[in-house]
Amino acid sequence: MTSEIIPVSPDIELRAVEERYAAELHHLVIKNRAWLQTAFDWIQHTGTEEDTRRNVQSNQMLHQRGYAKMFLIFQNDELVGVLSFNAIEPANKTGYIGYWLDEAHQGQGIISRSLQAFMRYYVDAGTIRRFVIKCRMQNSSSNRVAVRNGFTLEGCLREAEYLNGRFDDVNMYARIFSL
């Protein structure tokens, strides 16, 4: 079986999650643990490399079955982040996007360029037409990514996600393409 790769630019590509990347992904998660804890609940469940390996195996299965899609962002062959459909509604052709990037690589447009290639790939395949980003109101970087990439704010879900001992409001953005 060949690896699924989405080219982004001459130096950036998205590679479908595979177990061979588990150690490298775990290292990146641990390196970024402090800031990831400010944005994501899942980080508290990632303690060991084996935890990451199990997560990768689970995501590989979901990826292969089409229920979710997890891609690793590589820049010049270095793993620098993750871009995924955390969930896919096949009947509605809707994908719920999640992403994070190594702190040292932020502010360079890597997420925006990757997101554009990601959406184009799934629109061209005819499998996704509605792309959704949900992000905490306080996460100004994620909110800017959504707006900068043509997403429309559809509303705010009040106290919708629990993180670090409190419920946070979540903005919901969407971008719709014709197939």
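Antiparallel beta bridges, as assigned by DSSP with both residues in the chain, represent about 90 percent of the total such bridges. Among Ala87, Ala117, Ala125, the largest mean-square fluctuation in a Gaussian network model of the chain, built with springs joining Cα atoms closer than 10 Å, belongs to Ala125.
Stokes-Einstein diffusion for the stretch 73-161 at 4 °C, viscosity 1.567 mPa s, with a Kirkwood radius from C-alpha pairs, works out to 93 µm²/s.
In terms of its Cα atoms, the stretch 54-100 spans 36, 21, 13 Å along the principal axes, sorted from long to short.
For the chain, the residue among Thr127, Met70, Gly81 whose Cα projects farthest onto the positive side of the dipole built from Cβ charges is Thr127. Mean separation of Cα pairs under 8 Å and 6 or more residues apart, divided by the residue count, gives the chain a relative contact order of 18 percent. Between Gly66, Gly165, Gly150, which gets the highest mean-square fluctuation from a Gaussian network model of the chain, Cα cutoff 10 Å? Comparing Gly66, Gly165, Gly150 in the GNM, the peak value goes to Gly165.
For Asp168, neighbours were defined as the other residues whose beta-carbon sits under 14 Å from its Cβ, and their charges (Lys and Arg +1, Asp and Glu -1) total 0. With a 1.4 Å probe and all protein chains left in place, how much of the accessible area of the stretch 115-179 comes from carbon and sulfur atoms, in whole percent? Exposed carbon and sulfur together represent 48 percent of the surface.
Largest mean-square fluctuation among Ala34, Ala91, Ala68, in a Gaussian network model of the chain whose springs join Cα atoms under 10 Å apart, belongs to Ala91. Counting Lys and Arg as +1 and Asp and Glu as -1 over every other residue whose Cβ lies under 13 Å from the Cβ of Gly109, the net charge comes to +2.
The values are calculated or read from the model by the stated rules, or taken from the named source; none is laboratory data. Source: prediction; values computed, not measured. Neighbour counts run over all protein chains shown; Cβ positions are idealised from the backbone, glycine included. Ligands, DNA and RNA are stripped out before the accessible areas are found, and what is left, the full protein with its side chains, is counted by its heavy atoms. Shrake-Rupley method; radii C 1.70, N 1.55, O 1.52, S 1.80 Å.
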